[in-house]
Every structure is written in C-alpha cells, then in structure tokens.
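The values are calculated or read from the model by the stated rules, or taken from the named source; none is laboratory data. Here the structure is a predicted model, which means the values were calculated and not measured. What goes into the accessible areas is simple: the full protein's heavy atoms, side chains included, and nothing from ligands, DNA or RNA. Shrake-Rupley method; radii C 1.70, N 1.55, O 1.52, S 1.80 Å.
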Amino acid sequence: MKEKERTKVVLADRDGFYLQRLKRCLERRGDMTVVGMADNGVALLDLVIQKKPAVLLTDILLGERDGLWVLENIKKRGLPCICIFISAIDSDKLVRQAISLGAEYYMAKPIQGELLLERIHQMLKQETPTKEAAKPKAAERRENPFEELESEISILLSRMGISASIKGYHFIRKAVMMAVENQDVLVGITKGLYPDIAKQYKTTASKVERAIRHAIESVWKKNGPQVYFEVAGYLPTEKPTNGQFIAALSEYFRIKEKGKSKKIS
C-alpha cells in the first residue's frame, strides 16, 4: 500500500518503550503509518497541527499539559482527528470527561492489540462515506445514550479480559444493553434473550448461550473476578451463570444511567 493511502496516526505516552511497541502493533498490517510520537501535551498538540493525522492515540498523563487539554484544543481548532485515550487511569469520571470533550473511545491499560486495531477500523468506517454529510456532529454523537452505553460496556468487558475477537464479547454487550433498556428480558433468558440476539447475528440461540458461557469461563481465569466484584459488590464462590453475569452488569449500568439522568434534571 502506498504511503499516501495509509491512515496517518500520531501517538503520545510518557513511556518511550511503550510507544515503540504500539507503533509496531499499528504498522504490522501495512494500512497505518505512525507519523509522529510525543511524550508531553504541548509537543503532541504541535504534532497534530503539523501532521494532521486521521487518528490520535494518547495517554491522559502527559505532564503539565495533559491529554484532555490536548483534546480540548484539537476540537477548538476543528481538526478532523479521531481521538482514542489509552490510559492506566480507569476512572468513570475521566471517561465521561473525555467523551464530553469529544473523544471517540477510552481504553484501559493493558490493552489487547487486536482489540485496539478493531476499534480504530470501526471508528474509521464511521467517518465515511462522506465525512461531513454522513457523520453526525460530535455533540450529537455524545448525546446518543446508546452509543455512550455501548462504549462503557466495551470498556468494562475489556477490563475483565474478554477479547472483542470472540463472539461471546458481542453477545454479552448486546445482552447487557437489552437488559438495561428492559430488565424483563432477563426473566425468559433462554426463550427470549438468546433467540433475539441470535436473530440479530444470524446464528442460533444455543450458539449464543455457549459463546457467552465460554467468554465468562475464560474471563474467570483473568481479571474477571476482581472487576465483577467492583460491579456486583460481592464475589460469588463459583463462576456466575450467564444470567447472573448479565444481570449484574445490566443492574450496574442501569444505576449509572439513573444517576446521569438525575444530574441532568
């Protein structure tokens, strides 16, 4: 692929070794090229202005001028740049602040390379076919509660260690979103929730059930128990069932959504 056809990316992190690893991860497929790297906010803003990248991957902590300051100035200048935060700071408050400033996505370290590449390609697809006519304005995107909820669920599943490359990840996310919208779907999970998800993904209810169960089993050997404890407020002696897992996550996000609506009103 010619240099001009590759997606231009700028990276920022205080860890130079981490930047080099991130650069190799992005460029290995040949459709992206890293045109600049920075370890502080001022240098990063200058890079974005000069290089005009399509994608910016940055940490929040960048010295005196942090990533949020950079993002705010990028948006003020109207620079068409997709911004994805990658940070070890896993704070709901910071995530909401980043999204409100115009960030497209927020990922908690450590990240999975394949998940990052998938997210970038998803964001790039959303920017086409006609960049101005087809995409909603940043403010309109932020005001869509379903998009924000989907993003928050994705962040949580990523923290647990569930890879976006497996089907169970997408089935769980869809199930949680459906349960947040209507908790009655959890009453008939086998006859209602699984078949509804199966229709959307053109598969069978039994495959949906197995994929979700497999994802939960795999995550229980990683960060799952710790994150599940944060969400549910307790740690079960055994791996939770599909229904228990989806119910715990959906209740967590339902309470968060209620809290947001109260603040707005």
**Largest-first ordering by accessible area, 1.4 Å probe, given options Arg159, Arg28, Arg119** = Arg28, Arg159, Arg119
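What's the whole-number percent of alpha carbon pairs in region 19-95 lying beyond 17 angstrom?
Numbers: 1303 of 2926 pairs.
It works out to 45 percent of all Cα pairs.
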**Item:** Glu217, Glu104, reordered so the largest accessible area comes first (probe 1.4 Å)
**Value:** Glu217, Glu104
**Message:** With a 1.4 Å probe and all protein chains left in place, how much accessible area per residue does the chain have, in Å²?
**Reply:** 53
**Asked** Under a GNM of the chain (C-alpha, springs under 10 Å), which listed residue has the highest mean-square fluctuation: Ile86, Ile162, Ile189?
**Response** Ile189
**Item:** Probe 1.4 Å, all protein chains present, accessible-area order of Glu257, Glu251, Glu64, largest first
**Value:** Glu64, Glu251, Glu257
**Prompt:** Which semi-axes, in whole Å and largest first, does the equivalent ellipsoid of the chain have when worked out from the alpha carbon gyration tensor as the square roots of 5 times its eigenvalues?
**Reply:** 33, 20, 19
**Complete:** The distance between the Cα centres of region 31-55 and region 57-92, in whole Å, is 12
**Request:** Compute, for Met178, the solvent-accessible surface of its heavy atoms (probe 1.4 Å) with the complete set of protein chains present, and express it in square angstrom to the nearest 10.
**Result:** 30
**Prompt:** Counting only protein heavy atoms, what percent of the accessible surface of region 191-258 is carbon or sulfur at a 1.4 Å probe?
**Reply:** 53
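For the pairs Lys125/Lys202; Lys167/Lys221; Lys207/Lys239; Lys51/Lys75; Lys191/Lys256, flag any whose C-alpha to C-alpha distance is greater than 24 Å.
Lys191/Lys256
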